[in-house]
1. For residue 49, work out the one condition from (1) out of contact with any helix residue (DSSP H, G or I) (no Cβ under 7 Å at 6 or more places or on another chain); (2) more than 24 Å from residue 109 (Cα to Cα); (3) not in a helix (DSSP H, G or I) it doesn't fulfil.
2. For the stretch 24-41, what are the residues that are closer than 12 Å to residue 61 by Cα, in a helix (DSSP H, G or I) and more than 9 Å from the chain's Cα centre (by Cα)?
3. Anything in the stretch 74-111 that is surrounded by 12 or more Cβ atoms within 10 Å (Cβ to Cβ) and not in a helix (DSSP H, G or I)? List them, or say none.
């Protein structure tokens, strides 16, 4: 069982990063195809916990650009659907085919964060911290 969790974590690191990153577009797609299936069927979160995580993420997203949909309905509908059907989140590879814009955005975020984390670590070393 531990092996399966390791495999999942190596394939879903980008979803964990997405959960930490508010975005200004494609939020319904992300809720439907990525985050809710991940929380319900990979992380095995109870519905109320998944709902809270999704509300928090969408609240942070709405500070970048106001939501144009009802978040409570969207979250509940997708949680019920993921529970009922057991579907998994889209893979990063398939995301590149289905939603090129979002795939490019995630690549940019990953590169940006990797660069700044590396740069911050290097500057702290040169300061002796």
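1. So the condition that residue 49 fails would be (3).
2. 27, 28
3. 87, 88, 89, 90, 91, 99
Yes/no per residue for (1) closer than 16 Å to residue 12 by Cα; (2) modelled with pLDDT of 95 or more:
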| position | (1), (2) |
| --- | --- |
| 39 | yes, yes |
| 42 | yes, yes |
| 71 | no, yes |
| 75 | no, yes |
| 106 | yes, no |
| 112 | no, no |
| 117 | no, no |
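The values are calculated or read from the model by the stated rules, or taken from the named source; none is laboratory data. Since this is a predicted model, take the numbers as computed values, not measurements. Every residue, glycine among them, receives a Cβ derived from its backbone with ideal geometry; neighbour counts consider all protein chains shown.
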